[in-house]
Amino acid sequence: SQIQSQKADIVYQVAGGAGMGVLEAAKEAGVYSIGVDSNQNDIYPGSVLTSMMKNIDNSVFRALEMFKDGKLEFGTHELLGIKEGGIGLAEDDLYKQHVPQSIRDQIEEIKNKISSGEIKVDSILD
């Protein structure tokens, strides 16, 4: 398989529901995977370590709050990242069970540096 030939330790699928085969292949190959869009950690517990989540609910709620307060600018866009809760990791019980504390600490440090602007994440929309 491509997983073995590329000597992958972790496979990150980026196709939402269409990427379920990637998670299954990683499980079968005995390597870790990362889900995407929603929390997919419980699909293959222990193999899927976390999921990169698009927090659409937070984005919609934010827009509604801005509209209610008269601060929503129509015809514009904004980038919502970690700081605004627009994206994030699925940090549920399975994540805590299968990802070592030392790695979770490093991830938290990186998230803080991104939120503070110390680490700049470029976007094609910037």
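The values are calculated or read from the model by the stated rules, or taken from the named source; none is laboratory data. Not measured: the values here are computed from a predicted model. So basically every Cβ, Gly included, is an ideal-geometry build from the backbone, and we count neighbours across all protein chains shown. These accessible areas exclude ligands, DNA and RNA; they are computed on the full protein's heavy atoms, side chains included. Shrake-Rupley method; radii C 1.70, N 1.55, O 1.52, S 1.80 Å.
Key figures for this structure:
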quantity	calculated
Charged-residue dipole, Cβ positions (Lys, Arg, Asp, Glu), region 23-126 about Cα centre, Debye nearest 20	100 debye
Cα-projected label distance for residue 67 with residue 101, points at 7 Å along beta-carbon direction, nm	4.5 nm
Mean residue ellipticity (222 nm) of the chain, computed from DSSP H runs ≥ 4 via -39,500 (n - 2.57), nearest 500	-11500 deg cm²/dmol
15 Å beta-carbon shell around residue 95, net charge (K/R +1, D/E -1)	-3
Cβ crowding within 10 Å averaged over residues, with 28-38, 70-80 ranked highest first	28-38, 70-80
Nonlocal amide H pairs with residue 85, under 5 Å, H built at 1.01 Å	none
Whole-percent carbon and sulfur share, accessible surface of the chain, 1.4 Å	55 percent
Tensor-based shape of the chain (alpha-carbon gyration tensor, a/c under 1.5 rounded, otherwise prolate or oblate)	prolate
Label-point gap, in nm, between residue 119 and residue 12 - each point 7 angstrom along Cα→Cβ	1.0 nm
Net charge of Cβ neighbours under 13 Å - reference residue 115; Lys, Arg +1; Asp, Glu -1	0
J(HN,Hα) series, region 15-31, from Karplus relation 6.51 cos²θ - 1.76 cosθ + 1.60, nearest Hz, glycine and proline x	10, x, x, 6, x, 4, x, 5, 5, 5, 4, 5, 4, 5, 7, x, 10
Selected from 36, 26, 79, residue furthest toward positive end of dipole (the chain; charges at beta carbon)	26
Å² of accessible area per residue within region 41-126, as computed with a 1.4 Å probe and no ligands counted	72 Å²
Length-normalised contact order of region 1-110 in % [C-alpha pairs under 8 Å, at least 6 apart]	20 percent
Members of 83/113; 68/120; 83/120; 83/111; 27/111 lying beyond 19 Å, as alpha-carbon distances in this model show	68/120; 27/111
Radius 13 Å from Cβ of residue 13, net charge of other residues (Lys, Arg +1; Asp, Glu -1)	-1
Estimated vicinal HN-Hα couplings, Hz - region 117-126 in sequence order (Karplus 6.51, -1.76, 1.60; Gly, Pro = x)	x, 4, 9, 9, 9, 6, 10, 5, 8, 6
Built amide H within the under 5 Å cut-off of residue 33, gap 5+	11, 48, 49
